[in-house]
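*Asks:* Before I ask anything, let me first share the structure, which is written out below as structure tokens.
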Amino acid sequence: MGLFKKEKAASCCCGGSCTPEKTAQAEAVDPTAGIKVLGSGCAKCNALEEAARAALAELGMDTAIGHVTDFSQIAAYGVMTTPALVVDGKVVSYGKVLKKDEAKALIQKARGSI
């Protein structure tokens with residue numbers, strides 16, 4: 001019986017609903033932004049964007065930040081809960097407003113400069 005078998009957890013934070021094709025399609029919309037905030041533009045999304053900007057400033061990185069508000073593009077990343085943070089095409093956080101230090105740690109980890 002396959003009812004009680006554990007399913008293998010996906011390595012992506014979206015739970016495995018994103019595919020390389022969907023992510024590439026979403027990235028093609030604004031390839032210039034290395035960091036993106038996904039969300040409707042609400043106060044939580046804006047707070048996440050500000051935390052990301054502060055983290056980048058503290059890291060000394062001059063990286064463009066994009067804000068994706070189109071829900072079809074957000075869904076292409078496999079994100080169903082916003083706000084979400086995307087670093088270099090990879091979703092690193094979703095459903096939470098990060099503090100500056102949390103955003104900084106995730107950016108460092110995603111860029112391999114821990």
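The values are calculated or read from the model by the stated rules, or taken from the named source; none is laboratory data. Note that the structure is a prediction, hence the values are computed from the model and not measured. Glycine gets a Cβ as well: all are built from the backbone with ideal geometry, and neighbour counts include every protein chain shown. Ligands, DNA and RNA are excluded from the accessible area calculation, which covers all protein heavy atoms including side chains. Shrake-Rupley method; radii C 1.70, N 1.55, O 1.52, S 1.80 Å.
*Asks:* I'm checking my understanding of the structure. Among residues of the stretch 52-77 that are under 19 Å from K109 (Cβ atoms) and buried (at least 21 other Cβ atoms within 10 Å of the Cβ), which one is farthest from the chain's Cα centre (by Cα)?
*Replies:* Our first condition is that a residue be under 19 Å from K109 (Cβ atoms); within the stretch 52-77, this holds for 52-61, 63, 65, 77.
Imposing the further condition that a residue be buried (at least 21 other Cβ atoms within 10 Å of the Cβ) reduces the set to 52, 55, 77.
On the way: A52: 11, A55: 15, Y77: 8 Å.
The extreme case among them is A55.
*Asks:* I'm trying to understand the selection: among the residues of the stretch 35-51, which are within 11 Å of the chain's Cα centre (by Cα) and not charged (D, E, K, R)?
*Replies:* If the condition is that a residue be within 11 Å of the chain's Cα centre (by Cα) and not charged (D, E, K, R), then I35, V37, L38, G39, L48 are the ones that fit.
*Asks:* List the number of the failed condition for L106; all other conditions in (1) buried (at least 21 other Cβ atoms within 10 Å of the Cβ); (2) assigned to a helix (DSSP H, G or I); (3) in contact with a Leu (Cβ under 8 Å, 6 or more places away or on another chain) hold.
*Replies:* All conditions pass for L106, except number (1).
*Asks:* A follow-up question, please. Taking the stretch 89-103, which residues are on the phi > 0 side of the Ramachandran plot and exposed (fewer than 15 other Cβ atoms within 10 Å of the Cβ)?
*Replies:* So the first thing to find is which residues in the stretch 89-103 are on the phi > 0 side of the Ramachandran plot, and the list is 89, 95.
Across the stretch 89-103, the qualifying residue is only G95.
*Asks:* On the basis of being open to solvent by less than 80 Å² (accessible area, probe 1.4 Å), in contact with a Cys (Cβ under 9 Å, 6 or more places away or on another chain) and at pLDDT below 85, does A26 make the cut? Quick ask: steps written out before the conclusion?
*Replies:* On the way: open to solvent by less than 80 Å² (accessible area, probe 1.4 Å): yes; in contact with a Cys (Cβ under 9 Å, 6 or more places away or on another chain): yes; at pLDDT below 85: yes.
Yes, satisfied.
*Asks:* Does A84 qualify as being surrounded by 15 or more Cβ atoms within 10 Å (Cβ to Cβ), at pLDDT 95 or above and within 12 Å of the chain's Cα centre (by Cα)? Let's see the steps before the verdict.
*Replies:* Numbers: surrounded by 15 or more Cβ atoms within 10 Å (Cβ to Cβ): yes; at pLDDT 95 or above: yes; within 12 Å of the chain's Cα centre (by Cα): yes.
So A84 fits the description; yes.
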